[in-house]
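Derivation of every value follows stated rules applied to the coordinates shown; laboratory data play no part. If you're wondering where the values come from, they're calculated on a predicted model, not measured in any experiment. So basically every Cβ, Gly included, is an ideal-geometry build from the backbone, and we count neighbours across all protein chains shown.
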Amino acid sequence: MSDSSANSYWKANIRLVLSLLFVWFFISFGCGILFVDALDTIRFGGFKLGFWIAQQGSIFVFVALIIIYIRAMDKLDDKYNLDSSSEKDSAASQESSK
Amino acid sequence: MSVQIWTYLFVALSFSLYIGIAIWSRAGSTKEFYVAGGGVPPLANGMATAADWMSAASFISMAGLISFLGRDGTFYLMGWTGGYVLLALLLAPYLRKFGKFTVPDFIGDRYYSQTARLIAVFCAISVSFVYVCGQMQGAGIVFSRFLEVDFTTGVLIGMAIVFFYAVLGGMKGITYTQVAQYCVLIFAFMVPAIFISIMMTDQPIPQIGFGSELTEAYGGGYLLDRLDGLSEQLGFATYTEGQRSTQDVFFITAALMFGTAGLPHVIIRFFTVPNVRDARKSAGYALVFIAILYTTAPAVAAFARTNLINTVSNAEYEMVPEWFSKWENTGLITFDDKNNDGIIQYVGDPATNELNVNRDIMVLANPEIAELPNWVVALVVAGALAAALSTAAGLLLVISTSVAHDMMKRTFMPNISEKQELAYARISIFVAVLISGYYGINAPAYVAQVVAFAFGLAAASFFPAIVLGIFQKRMNKEGAIAGMIVGFTFTAAYIIYFKIINPAADTADNWLFGISPEGIGSLGTVANLLVALAVAKFTPEPPAEVQEIVENIRLPGEAIPR
């Protein structure tokens, strides 16, 4: 793999991570903590929205974020031909054979 | 059959399962002992990570704490799950690519410095010790109440079991026992939750029951409205409203998240999968498995709180159910009939309140309070022990690898053979079990609080050093070392001052920026980061081969051509 494609792979990775972390921050610290009282004025079923996001909703979002990350990174690896599953564990086997 | 017999049965069954697995998966090499040979499938690693992660604090204490904290309990829920997003996106894949055995391995190699390695060893051992004491304490509570042995004997039994399979199997034994322990603990947590949810709301899924209407028998109306109403009526804080300041909740959540991502016993789990892709996948599985319990816990908290108030408030002391007096015997429930009317006044005002309930018992007492069948009560006991033991084993392994691998092999005695290294690893687990057992018996504070401090320390020491090591090629040893020392010292000093030296001053007025000792780790993290970046700016950049390591761990798959 050339240096320039390694570079663009890394940039694409950073972009993905930053956008997912933005959502992560917005949902947990934003909706779950900073704006929780404002969101509490909205109700659905027996929940106040802010309370629900803080105690349950955010966790569902976290799960979704990691799943999106796994999918997107697998795609990115394929695009740059970086299939790590073909190459088993080179670094660690070097270590143990030292 | 009585609760007692069911409990013995379930505990004996689950323990023989763990021991059987330990014998089947004995470790023969250091690689098997440290990282289970690097061949754990992602699904199994996800389960093992979940069990490793969900400790006595998650299983026993968390729902109880939330049921007393109400909405503020959020910081446990978001903090202990949101950290997985950081772990999956920022750490796990790269550390797997790096492909060594321990966190100090990474710190030592990436920062080309034995000093950095030893600081990392010191942080890993202190964090793990604080945390493991909480586990032993949790196991002790469970044994003393349900097997009716005394607390000390309880801790000793727990120590013996963990010792057996951790020493024999190392990471390999621990991994497969943790898979079994995950199954036991999640089943044990979900069964009573589902039972209670059906009973109280006619809704089999507790996550939904949490926002549903109560059945006629419980007086109808939405559960949370009802709980708010009861709380106000008795003078407690409104359940769905926050009491702590927003900035304190913010910083505690952040400290728990950064800490989650920096805990060595969680990080090393990602060294056990075959490759980078599997590391990412197993982080996903781990959070899914964790989320099952974590989204149920707030529901359990609300059910338990409502039930407790319904059962004991204004009840005649002579008429209370059997579980009440059993917990009274352990000193974890106390009733003081201040006005001598023989009726339990459970109210918010401390002057007239007559009942004190230890938060740690809510999950354990919940099935009894709800009058569930005896086998369910016993199941919860087995689950609580699985949670405590699986985490304790993972932590003890970190301590032992830090001593045998990072200190002996990589620093002081590089010429020892693999066999000797393995022997050192086993001896250090043995010593660690003894020390943690001692502190488990003599430890202060609630289980979850003890554990919360471990997070602050992990957050302030490891998290920034690892993230900078991956994402900042320019980061050098001077910066990383200075950052870790400042972060760790600042956090430890703040906690020790408010919790040990001067507990009387531990009030919001004296806190720095209104941040409690539980949340100070996040400020420690920021301090670590800033100091590291500043120092690195004025000191020489890392050597070329180290920069190449960084290039290399950023790419999954084969190394880039040199």
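Based on other C-beta atoms within 10 Å, arrange B:Asp360, B:Asp52, A:Asp74, B:Asp337 from fewest to most. Don't skip to the answer; put the middle values down first.
Values: B:Asp360 23, B:Asp52 27, A:Asp74 17, B:Asp337 13.
Neighbour counts put them in this order, fewest first: B:Asp337, A:Asp74, B:Asp360, B:Asp52.
Compute the distance in nm between two label points, each set 7 Å from the Cα along the Cα-to-Cβ direction, one at A:Phe22 and one at B:Arg474.
Reported label-point gap for A:Phe22 and B:Arg474 is 2.4 nm.
So how do B:Leu395, B:Leu227, B:Leu86 line up by other beta-carbon neighbours within 10 Å, fewest first?
B:Leu86, B:Leu227, B:Leu395
Looking only at the range B:362-377, which residues have a backbone nitrogen under 14 Å from a spot 7 Å from the Cα of B:Leu9 in the C-beta direction?
B:373-377
Can you work out the FRET efficiency for the pair B:Ala504 and A:Lys75, with r the C-beta to C-beta distance and R0 = 60 Å, to the nearest 0.05?
0.60
Cross-link candidates for B:Lys537: which lysines have Cα within less than 30 Å, leaving aside residues fewer than 8 places away along the same chain?
Straight-distance partners of B:Lys537: A:Lys11, B:Lys97, B:Lys100, B:Lys473, B:Lys477.
Set the Förster distance to 45 Å, then compute FRET efficiency between B:Glu232 and A:Asn7 from the Cβ-Cβ distance, nearest 0.05.
It comes out at approximately 0.15.
Consider a paramagnetic label point 7 Å from the Cα of B:Leu533 along Cα→Cβ; state which residues of the range A:1-33 have an amide N under 17 Å from it.
A:18, A:22
Can you list the trypsin sites (Lys or Arg not before Pro) in the range B:279-347 that are in a DSSP coil and have 15 or fewer other beta carbons within 10 angstrom?
Listed in order of number, the matching sites are B:Lys338.
Which value, in debye to the nearest 20, gives the size of the charge dipole of the range B:3-553 about its Cα centre, when Lys and Arg are +1 and Asp and Glu are -1 at the Cβ?
That gives the range B:3-553 a dipole magnitude of about 2660 debye.
Over all distinct Cα pairs, what is the inverse of the mean 1/r for the protein assembly as shown, reported as the Kirkwood hydrodynamic radius in Å? Each step should come with its number before you reach the end.
Details: mean 1/r = 0.0397 Å⁻¹.
Kirkwood radius, the protein assembly as shown: 25.2 Å.
Rg to Rh ratio, the range B:109-199, alpha-carbon atoms and Kirkwood radius?
1.12
Taking Cα pairs under 8 Å and at least six residues apart, what relative contact order does the range B:1-140 come out at, in percent?
After rounding, I find 20 percent.
Under a cut-off of 13 Å between alpha-carbon atoms, report the aspartates and glutamates in cross-link reach of B:Lys326, not counting same-chain residues fewer than 8 places apart.
The reachable aspartates and glutamates, counting only those whose Cα sits under 13 Å from B:Lys326, are B:Glu148, B:Glu368.
What is the Cα coordinate range of the range B:3-553 on the first, second and third principal axes, sorted by size from largest, in whole angstrom?
76, 52, 40
Can you give me the P(r) profile for the range A:3-81? Cα pairs, bins 10 angstrom wide beginning at 0, each as a whole percent.
18, 36, 23, 15, 7, 1
Cut-off is 10 Å between beta-carbons; in what order do B:Thr153, B:Thr102 appear when sorted fewest neighbours first?
With the fewest neighbours first, B:Thr153, B:Thr102 line up as B:Thr153, B:Thr102.
Please report, in Å, the Rg and the Dmax of the range B:51-121, where both are computed over Cα atoms only.
Cα radius of gyration and Dmax of the range B:51-121 are 16.8, 48 Å respectively.
Would you work out the relative contact order for chain B, in percent, from Cα pairs under 8 angstrom that are 6 or more residues apart?
Working: 1041 pairs, mean separation 160.6, N = 562.
Once divided by the residue count of chain B, the mean separation gives 29 percent.
Please identify the helices of chain B, taking whole runs of DSSP H, that span at least 20 Å along their own axis as judged from the Cα atoms and have a mean Kyte-Doolittle score of -1.0 or higher.
The qualifying helices are B:3-24, B:114-146, B:151-201, B:246-262, B:276-312, B:374-401, B:418-441, B:447-471, B:477-496, B:520-537.
At 7 Å along the Cα-to-beta-carbon direction for both B:Ser325 and B:Thr215, put a label point, then send me their distance in nm to one decimal.
Placing both labels 7 Å beyond Cα along the Cβ direction yields 2.9 nm.
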